[in-house]
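Student: Encoded as structure tokens, here's the structure I'll be asking about.
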Amino acid sequence: MTTLNTELRTFYEARQQQIPAEIREIMRRAGQELADSGQSDRALTVGDKAPRFSLPSATGQTLTLDALLADGPVVLTFYRGAWCPYCNIALRSLQQHHEAITARGARLVAVSPQIPDESLTLTEKHDLAFDVLSDIGSDTAKQYGLAFDLPDDLAAVYDKLGFDLQRVNDGHPRTLPLPATYVIDRDGVIRWAFVNTDYTTRAEPADIVDALA
């Protein structure tokens with residue numbers, strides 16, 4: 001079975017052929033600056049207490065971390081949005097492992113800065129069985145140390161590509177979360193963490209399942 005990151009790497013290499021060199025350079029430079037910023041080292045990690053949240057789901061419910069933890073451990077994954085093809089590949093892969101995650105008594109929840117309507121479209125498109133929550137303004141991502149602002153030139157590229165982050169992020173077009181996944185135990189303590197400034201790399205679902213075991 002192909003691992004998620006092998007699939008992401010294959011997609012990345014094919015995608016690079018389609019992107020003009022000047023745009024590739026803007027993306028590369030922004031990625032390097034974010035990596036050099038040391039933000040991933042400042043994000044919450046194993047042993048930290050997970051900040052509480054109360055966020056709307058794609059179906060209009062409000063979910064809180066406390067309520068989720070009442071049923072068992074929580075797998076909390078942050079993604080950029082439905083406009084990001086790497087996020088879509090990662091969420092589809094999580095869906096394929098959803099049964100293995102729930103079999104270990106855990107609840108999988110995905111969080112992005114998108115409005116609920118965008119999350120609902122994503123949920124239906126990929127037939128996701130887990131909740132997708134809206135963190136408008138990235139307030140929850142900020143508490144986990146994951147939120148960052150796009151540099152001007154990369155924001156302009158995303159506009160040119162038609163991502164319309166102004167609309168889908170409800171007036172917060174520049175702020176996105178680092179890709180991150182946490183396994184949180186019933187006491188609200190982070191027991192396993194994946195944080196990376198590189199959006200083309202994600203937590204392997206098999207590693208998440210192993211962490212729950």
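The values are calculated or read from the model by the stated rules, or taken from the named source; none is laboratory data. Every value quoted in this text rests on a predicted model; they were computed, and no experiment measured them. Ideal geometry is used to build each Cβ from the backbone, glycine not excepted, and the neighbour counts take in all protein chains shown.
Student: Within the range 1-19, how many residues are surrounded by 10 or more Cβ atoms within 10 Å (Cβ to Cβ) and more than 22 Å from the chain's Cα centre (by Cα)?
Tutor: The number of residues fulfilling the criteria is 1.
Student: Further, regarding this structure: Is it the case that Glu124 is without any contact (Cβ under 8 Å) to a residue 12 or more places away in the chain and over 22 Å from Thr2 (Cα atoms)? Don't jump to the end; show me each part of the working.
Tutor: On the way: without any contact (Cβ under 8 Å) to a residue 12 or more places away in the chain: yes; over 22 Å from Thr2 (Cα atoms): yes.
The answer is yes for Glu124.
Student: Still on this structure: List the helices (runs of 4 or more DSSP H) inside the range 1-52, counting only whole elements, that have at least 2 residues being touching a residue at least 40 places away in the same chain (Cβ under 8 Å) and in contact with a Pro (Cβ under 9 Å, 6 or more places away or on another chain). Even if it seems obvious, please write down each step before you answer.
Tutor: On the way: elements: 4-16, 21-36, 39-42.
The helices (runs of 4 or more DSSP H) meeting that bar are 4-16, 21-36.
Student: Right, next: Is it the case that Leu133 is at pLDDT below 95 and within 17 Å of the chain's Cα centre (by Cα)? Step through it out loud before you land on a result.
Tutor: Values: at pLDDT below 95: no; within 17 Å of the chain's Cα centre (by Cα): yes.
No.
Table: residues versus (1) within 17 Å of Arg191 (Cα to Cα); (2) surrounded by 16 or more Cβ atoms within 10 Å (Cβ to Cβ); (3) touching a Gly at 6+ places or on another chain (Cβ under 9 Å).
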position	(1), (2), (3)
Thr64	no, no, no
Gly81	no, yes, no
Cys84	no, yes, no
Ala106	yes, yes, yes
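Student: Does the range 108-127 hold any residues that are among the aliphatic types (A, V, I, L, M) and surrounded by fewer than 20 Cβ atoms within 10 Å (Cβ to Cβ), and which are they?
Tutor: Start the filter on the range 108-127 by keeping residues that are among the aliphatic types (A, V, I, L, M), which leaves 108-111, 115, 120, 122.
If the condition is that a residue be among the aliphatic types (A, V, I, L, M) and surrounded by fewer than 20 Cβ atoms within 10 Å (Cβ to Cβ), then Ile115, Leu120 are the ones that fit.
Student: Continuing with the same structure: I'd like to know if the range 118-130 contains one or more residues that are β-branched (Val, Ile, Thr) and either within 19 Å of Thr197 (Cα to Cα) or in contact with an Asp or Glu (Cβ under 6 Å, 6 or more places away or on another chain) (or both).
Tutor: Let us first name the residues in the range 118-130 that are β-branched (Val, Ile, Thr), namely 121, 123.
Narrowing further to those that are either within 19 Å of Thr197 (Cα to Cα) or in contact with an Asp or Glu (Cβ under 6 Å, 6 or more places away or on another chain) (or both): none.
No; the residues of the range 118-130 include none that is β-branched (Val, Ile, Thr) and either within 19 Å of Thr197 (Cα to Cα) or in contact with an Asp or Glu (Cβ under 6 Å, 6 or more places away or on another chain) (or both).
Student: Working only within the range 144-171, note down all residues that are more than 19 Å from Ser37 (Cβ to Cβ), touching a Pro at 6+ places or on another chain (Cβ under 6 Å) and part of a loop (DSSP other than H, G, I, E, B).
Tutor: Residue satisfying the conditions is Asn169 alone.
Student: So in the range 61-104, with the set limited to residues that are over 10 Å from the mean Cα position of the chain (by Cα), among the β-branched types (Val, Ile, Thr) and assigned to a strand (DSSP E or B), which one is nearest to Leu146 (Cα to Cα)?
Tutor: Ranking the qualifying residues of the range 61-104, first place goes to Val75.
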